[in-house]
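Structure first, commentary second.
Each value in this text was obtained by applying a stated rule to the coordinates, not by laboratory testing. Everything numeric in this text was worked out from a predicted model, so none of it was measured. Reconstructed Cβ throughout: ideal geometry from the backbone, glycine too, with neighbour counts over all protein chains shown.
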Amino acid sequence: MTGGEGSFMHRRLSVTVFCGSSFGADPAIRDAAAALGDGLARAGIRMVYGGARVGLMGIVADAALAAGGEVLGVLPAFLRTAEIAHPALTRLEIADSMHARKQRMFALSDAFVSFAGGIGTLEETVEVLSLRQLGLHTKPILICDVAGTSAALQAVIEDTIARGFARPSFRDCYDIVNGVAALLARLAGLAPGSMEPMERL
């Protein structure tokens, strides 16, 4: 564990950001990741994420730190290497497993932001969506669409509903937000600690 523990005692909005450990091919997405980290910090929102220094994860964290924000990373022990772990976070926690990492990120957060990423980002997003559908939490899930990155996920959800495997009310479990500016505006309206925790897990 690194960084200052005391600063995390003050209650403020905490948001988990799911995003890629790769940069992706579109520079516009990298720029949006930097804008997201900067915007979270300037809004006084504590960022929780996967603890890595690589890819979009590193861009968001670096931008938030550069703007004076608080950034908490949760990294599974098997990824704790100099090449992966971010060395300058406000706090870095080491989890025993990927599952424990997700549980800890959930416990620390008031809301979730799904940004651009790969299979890991998709898996994290789908898990919190599934838990919300089951009534295990009421925390907001905001899917940030940048350059069409949410289109495939939206298509899968709509196909699942059309085939009768999910109810149309599943759409109420999340919101698609177009761009970082709109996302930050939505987050500004949330109050810390106002969402119901996942107590049954």
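Taking R0 as 30 Å, what FRET efficiency do you get between residue 83 and residue 11 from their Cβ-Cβ distance, rounded to the nearest 0.05? FRET efficiency, residue 83 to residue 11: 0.30. Considered as an equivalent ellipsoid built on the Cα gyration tensor, the range 55-182 has semi-axes of 28, 17, 14 Å, the largest given first. Taking a Cβ cut-off of under 15 Å around residue 180, the surrounding Lys, Arg, Asp and Glu residues balance to a net charge of -2, with basic ones at +1 and acidic ones at -1.
Roughly what % of DSSP beta bridges within the range 13-188 run antiparallel, to the nearest 5? If I count the DSSP bridges inside the range 13-188, around 5 percent turn out antiparallel.
Site-free segments of the chain were taken between GluC sites (Glu not before Pro) in DSSP loops having at most 16 other Cβ atoms within 10 Å, sites themselves excluded; the longest one is 84-198. Taken over the range 128-198, the alpha-carbon convex hull comes to 83 cubic angstrom per residue.
Each Lys or Arg adds one and each Asp or Glu subtracts one; over the other residues with Cβ under 13 Å from the Cβ of residue 115, this totals -3. Spacing of the modelled spin labels on residue 127 and residue 103, each 7 Å from Cα toward Cβ, amounts to 1.1 nm. Three principal axis extents of the range 45-90 based on alpha-carbon atoms, in descending order, are 29, 15, 15 Å.
Taking a ≥ b ≥ c as the square roots of the Cα gyration tensor eigenvalues, the range 1-129 comes out rounded, since a/c falls below 1.5.
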